[in-house]
1. Could you tell me how far the Cα centroid of the range 137-188 sits from the Cα centroid of the range 210-285, in Å?
2. Using a probe radius of 1.4 Å on heavy atoms only, what accessible surface per residue do you get for the range 45-158? Whole Å² is fine.
3. Applying the Karplus parametrisation 6.51 cos²θ - 1.76 cosθ + 1.60 with θ = phi - 60° to the phi angles of the range 176-182, what ³J(HN,Hα) value in whole Hz is obtained for each residue in order, glycine and proline being reported as x?
4. Rounded to the nearest 0.05, what FRET efficiency is calculated for MET345 and ASP131 with R0 set to 35 Å and r the Cβ-Cβ distance?
5. Counting helices only, and only those DSSP H runs with n ≥ 4, report the 222 nm mean residue ellipticity of the chain as the sum of -39,500 (n - 2.57) divided by its residues, in deg cm²/dmol to the nearest 500.
6. Using 0.36 nm per residue of separation minus the Cα-Cα distance, give me the extension gain between THR162 and SER369 in nm, one decimal.
7. Using the Kirkwood formula over every pair of different C-alpha atoms, what hydrodynamic radius in Å results for the range 5-223?
8. Could you sort 227-233, 45-51, 140-146 so that the peptide with the highest average Cβ count within 10 Å comes first and the rest follow in order?
Amino acid sequence: MSTNIIDELLWRDAINQQTDAEGLRDYVENNKISLYCGVDPTGDSMHIGHLIPFMMLKRFQLLGHHPYILIGGATGTIGDPSGRTSERQLQSMEQVQHNVDCLTNQMKRLFFDEDNEQELTMVNNYDWTHDLTLLDFLRDYGKNFNINTMLAKDIVSSRLDTGISFTEFTYQILQSMDYLHLFRHHDVRLQIGGADQWGNITAGLDLIRKKEGAEAKAFGLTIPLMLKADGTKFGKTAGGAIWLDPEKTSPYEFYQFWLNQDDRDVVRYLKFFTFLTQEEIDDLAKKVETEPHKREAQKTLAREMTLFVHGKEALADALTITEALFSGDVKQLTAHQIEDGFKNMPNVTAKKEATNIVDWLVETAIEPSKRQAREDVENGAISINGDKVTDTSIEINPASAINETFMIVRKGKKNYTLVTFK
């Protein structure tokens, strides 16, 4: 693979649009480029959809370029209109600052590596906008934006039928100011973002050239919209978004999300989200074709992504839970691993008293009737904490629960229920 980052991004199908493809290729061929990508603190965690352009930023970092991560402490108080059909609910300044702090910590975990000294700078656009007066904003920046041009941008034109406030209308001016500031003060010459950011990125380039001269070397690049093979949006599940915050989406759930990807999508995701080489990905692509039942590509994708986002210990936990649930050997799971692994499985509570197993299975609604409960126990279809139970006369004793709290019931091969004693 060529060391030119553009060749790598093209092979990975990671480029949607470029403002000057030839100029950018030549620039990164002969220079280490400073570039940036931004995220607004609309919540206290990113989800994997947010992660897409930042994976590209990481690739630049690994090849020695200098990424800037912009946390939008200012723009987050306004709200980006792109991809929305209605006005965003404004947050308090206290909530925005809380979100800024959370996202900053997430970015540090992803991009700061104690084992190397690759360059990275984090900035907050609140720092260069909070003292700006309204008159200065209008004279120094507003005068450089043509209303007709702004209305023609997709991010605005898509909202004209339903309406857009002046606040959200001016968002592209604020993002353009960010690029100009970073160009002037940090020599940032490339902005990258999702496909929906094309209008904002080109507006920033227009402002740079009006302020700094038509020959100013600055570039824009967008990432393709990520869709699954079935045409639905990537990153969404029946349970909602897949968050990077382990409290919102546990590392086990995160691992399982990647493990369950369709054969039609997995090679594309390996290219896009992992740092594996072309040879390694080509080898996995062949296995998808010849040995799809082994799901080697999905397992590799799940391992690489969980390691990148959550680290070695969380990956080890996810692998332990996955193996335990597959084999049925759940006795070695810790209470924390049980809580993670069974978060989205059937959960019931039971009284802390010894009860005959047949009665207990009915009381916990694991079985619909005593007759069915007896039949399943006698046929060996019921396991308690990994041990098969065939005697209908035994009692379930809370004292034998894992951590004196949990009892894991498996009915058949795949139907798990977590019983919590309270």
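1. Going from one Cα centre to the other spans 28 Å.
2. Numbers: 5830 Å² over 114 residues.
On a per-residue basis, 51 Å².
3. 5, 4, 4, 4, 4, 4, 5
4. Numbers: r = 52 Å, r/R0 = 1.50.
FRET efficiency, MET345 to ASP131: 0.10.
5. On the way: 18 runs with 190 residues, N = 422.
It comes out at -13500 deg cm²/dmol, rounded to the nearest 500.
6. Values: separation 207, 0.36 × 207 = 74.52 nm, distance 5.48 nm.
Gain on stretching THR162 to SER369: 69.0 nm.
7. On the way: mean 1/r = 0.0561 Å⁻¹.
With all distinct Cα pairs of the range 5-223 included, I get 17.8 Å.
8. Working: 227-233: 10.3, 45-51: 19.1, 140-146: 13.9.
Final packing ranking: 45-51, 140-146, 227-233.
The values are calculated or read from the model by the stated rules, or taken from the named source; none is laboratory data. Predicted, not measured: the structure shown is a model, and the values here were computed from it. In this analysis, Cβ positions are derived from the backbone assuming ideal geometry, glycine residues included, and neighbour counts consider all displayed protein chains. Keep in mind that these areas ignore ligands, DNA and RNA; they rest on the heavy atoms of the full protein, side chains included. Shrake-Rupley method; radii C 1.70, N 1.55, O 1.52, S 1.80 Å.
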